[in-house]
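Remarks on the structure that follows.
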Amino acid sequence: MAADPKTVERIQRLREEINYHNYRYYTLDSPVISDAQYDRLMQELRELESRYPELVTPDSPTQRVGAPPAEGFAEVEHGLPMLSLANAFNGDELLAWHRRVINLLERASFPMTCELKIDGLAVNLLYQDGVLVQGATRGDGYRGEEITNNLRTIKSIPLRLIKQAPSLMEVRGEVYMPRDSFEALNRDRAARGEPTFANPRNSAAGSVRQLDPAITASRKLDIFVYGIGRVEGNSTPSTQWETLQWLADLGFKANPHSRLCQSTQEVEDFYSEFLEKHEQLKHGTDGIVVKVNDLRLWDVLGVVGREPRYAVAYKWPARQATTQLRKIGINVGRTGSLNPYAILEPVQVGGVTIKQATLHNEDYIRAKDIRIGDWVVVERAGEVIPQIVAPVPGRRTGAECPFVFPSQCPVCGGAVVRPPGDAMHRCTNISCPAQLFERIKHFVAVMEIEGLGEQWCRTLLESGLVKDLADLYLLKKEDLVRLERMGDKLATRILAQIEVSKTRPLSRLLFALGIFHVGAEIAQLLAAHFQSMDRFMAAGEADLTAIPGIGPKIAQSVVAFFADPPNRALLQKLKSVGVRIQAEAPAVAAASPLSGKVFCFTGTLASLSRSEAEARVKNLGGSTTDSVTRKTDFLVTGSDAGATKTQAARRLGITLLDEAQLLALLSDAG
């Protein structure tokens, strides 16, 4: 059914209003409506577009994340080359550049714009009639990779310009990852046992070049634009300073820390000011860019090789020092990852005393040929954990020795393995003290033991009441009430929740064990295939890889986990305390409307527990998942619904159900 004119007009008005509020929020950092009001506008637009899909356009705010993963990146030729810049590393080199420009222009002075040099990834944005139609990386300056769908996910990049612009226009900018986003990303990767990114620039570049736009969207990238390339149509400003303001008026985000300077002394003042405070900014920088302000002079000055004469990058001083690597230590992470770090002879770098530095993993150590006893170059920047850049082979005496990863965990003595294709060595002992706290938190969350928050998990460990996961099921009321701030009512509630958790589905238990590479969906697949923990524990790699969806990495991780005697003993202990280790086949109603539908739950339901709700869904032919993906059909939101799942569902256009809507759906389907 075609949409009536009023609906078409409403969709257009919604897009304009949402684009305006995106501009206020993401570019000006000055919102004028609440998040709830914004969400209502987006929800209305999504509903109208789902009803009339023929009206969906590429510049609609709903299309920020809407593309499937790409198989690769196409090559794009830039309308005008994206040139690299010559560098100046001190005041004398800046003056030399200034003198060359004066001689070429045959004038005594010229105005200059000074802009912070953002430490990110240069991109080219192509707009036709004010609509973003293509985005690409800088590449070799002449050709880059087409990453339009990924750049659409960056909310400070306008999909449609807010004012009239040339019919065709290239806009150049620098995509970056804010410091807080970088730190959150690395914390998340470290918690999952994945290698962390070395710095925000690497993480931004890696995020922009993901084949799946949803991954790019999750990385919370931002952009500053700094200029234009090829233009057709309307006239454009004649100076760089006016260009920055003009781009901001069109809806782009230009760096506010820019200055129009009349002399090299004013440039030096700008440089000195931000040399002192650039590490306090929300984004990384590696210097300033100085440009001749009059754009008409750029063609006069020309280009040498791939470097324009009209601009120079005045870089911050390097923050490096040389010291001796005394020892290599090991930290053990939540998933058992063995994380090496350098213990250094203390050295001052950028005004800070550095005693330790990251070494990432075995491949990093071997690739750089770092040895215990080496003199090494240590680097520190505001956004980077101190790291070893390289050894100094010329200072070796022959006493230095290569580092060998331990075959046993340095904390618990458990077996250490490095699965093929994995960058990390891992301790396979699930009861390793270094891992146990995080594993207990994970187990409690997955098995839905309400009342046992993070602090109580820590208290149970520190008090000695819990030494492994199975000890949770041996807790007694008299033990709990002796704990500080643990009353009778809370103890009773926790013990009741622990008892209920024994009946969780086998797939929950498999996920809760924290086996590396076994997430919620893989656990469901394995439980459905093996139907019992005993059969699962007895499976070999060939048995596992024969299951569709189970690859060699998962199979190797599972086999290594159960090859460790403490893990097998833990499973026997869980069995002895009454935890369900058999799958329960639900009675599926024939021809149910929920057959094949995937539900995810977040928050607390008032009238039934989550396990009861999931059981009712499964009895009616549906399935459940613990994470929001493109395969999810419904997200059920209770009180205290998680923001991450809710935002992901809205981004993917997944139907949201409150408790009343869920109960009505279950009633109708039953």
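Taking all Cα pairs closer than 8 Å and separated by 6 or more residues, the relative contact order of the range 525-670 comes to 19 percent. What percentages, rounded to whole numbers, describe P(r) for the range 395-541 computed over all alpha carbon pairs with 10 Å bin width beginning at zero? Whole-percent P(r) values from 0 Å outward: 10, 32, 30, 17, 7, 3, 1. Taking the longest Cα principal axis of the chain as reference, the axis of helix 5-22 is set at about 80 degrees.
Over all other residues within a Cβ to Cβ distance under 10 Å of SER609, the charged ones net out to -3, with Lys and Arg as +1 and Asp and Glu as -1.
Note on LYS597: lysines with a C-alpha under 17 Å away, same-chain residues under 8 apart excluded, are LYS618, LYS631. Computed 3J(HN,Hα) for the range 452-457, one whole-Hz value per residue from the Karplus formula 6.51 cos²θ - 1.76 cosθ + 1.60 where θ = phi - 60°, is 9, x, 4, 5, 5, 4, glycine and proline marked x. When each of the peptides 533-546, 177-190, 285-298 is scored by the mean number of other C-beta atoms lying within 10 Å of its residues, the order from highest to lowest reads 285-298, 177-190, 533-546. Across all directions, the average flat footprint of the convex hull enclosing the Cα atoms of the range 86-315 is 12.9 nm².
As an exercise, identify the trypsin sites (Lys or Arg not before Pro) in the range 564-670 lying in DSSP coil whose Cβ has no more than 16 other Cβ atoms within 10 Å. Spell out each step's value before the answer.
Working: sites: ARG568, LYS573, LYS575, ARG580, LYS597, ARG610, ARG616, LYS618, ARG630, LYS631, LYS645, ARG650, ARG651; in loops: ARG580, LYS597, ARG630, LYS631.
Those that pass, being in a loop and sparsely packed, are ARG630, LYS631.
Think of it this way: in the chain, CYS114, CYS261, CYS401, CYS457, CYS600 stand alone, with no other Cys Cβ under 4.7 Å. With respect to the cross-link table entries LYS117/LYS220; LYS155/LYS277; LYS277/LYS315; LYS253/LYS282; LYS163/LYS291, which display a Cα-Cα separation exceeding 23 Å? From LYS117/LYS220; LYS155/LYS277; LYS277/LYS315; LYS253/LYS282; LYS163/LYS291, over 23 Å: LYS155/LYS277; LYS163/LYS291. Extension gain, ALA3-SER109: 0.36 nm per intervening residue step, less the Cα-Cα distance, totals 32.0 nm. Averaging the sequence gap over all C-alpha pairs within less than 8 Å and six or more residues apart, then dividing by the number of residues, gives the chain a relative contact order of 9 percent. Sorted largest first, the spans of the alpha carbon positions of the range 506-566 along the three principal axes are 24, 22, 19 Å.
Based on DSSP H runs of at least 4 residues, each adding -39500 (n - 2.57), what is the mean residue ellipticity at 222 nm of the chain after dividing by all its residues, to the nearest 500 deg cm²/dmol? Walk me through the intermediate numbers first.
Values: 24 runs with 245 residues, N = 670.
Value at 222 nm, helices only, nearest 500: -11000 deg cm²/dmol.
By the rule of a C-alpha distance below 24 Å, with chain neighbours fewer than 8 residues away ignored, the lysines paired with LYS441 are LYS467, LYS476, LYS477, LYS489, LYS502, LYS573, LYS575, LYS645.
Percentage of Cα-Cα pair distances in the range 5-63 greater than 20 Å, rounded to whole percent? Spell out each step's value before the answer.
Details: 389 of 1711 pairs.
Result: 23 percent of Cα pairs exceed 20 Å.
Rounded to the nearest 10 degrees, the inclination of helix 565-576 to the longest alpha-carbon principal axis of the chain is 50 degrees.
Report the FRET efficiency, 1/(1 + (r/R0)^6), for GLN245 and GLN43, where r is their Cβ-Cβ distance and R0 is 30 Å, rounded to 0.05. Calculated value: 0.30. Annotation: peptides 508-514, 399-405, ranked by per-residue average of other Cβ atoms within 10 Å with the highest first, follow the order 508-514, 399-405.
For ILE430, nonlocal amide neighbours, meaning residues 5 or more places apart or on other chains whose placed amide H falls under 5 Å from its own, are ASN567.
Do you know the relative contact order of the range 1-141, to the nearest whole percent, from alpha carbon pairs under 8 angstrom that are 6+ apart? Display every interim value, and only then the final one.
Numbers: 70 pairs, mean separation 24.9, N = 141.
Here the relative contact order equals 18 percent.
Assuming 1.567 mPa s and 4 °C, estimate D for the chain with Stokes-Einstein, Rh taken as the Kirkwood radius over Cα pairs, in µm²/s. Can you show the working numbers first?
On the way: Rh = 28.9 Å.
Diffusion coefficient, whole number: 45 µm²/s.
Modelled this way, with points 7 Å down the Cα-to-C-beta line, the labels at ARG24 and ALA660 are 2.9 nm from one another.
Annotation for LYS282 and LEU55: the two label points, set 7 Å from Cα along the Cα-Cβ direction, are 3.4 nm apart.
Bear in mind that the values in this text are calculations on the coordinates, not laboratory data. What you see is a predicted model, and the numbers here were worked out from it, not measured in a lab. All Cβ positions, glycine included, derive from the backbone under ideal geometry; neighbour counts span all protein chains shown.
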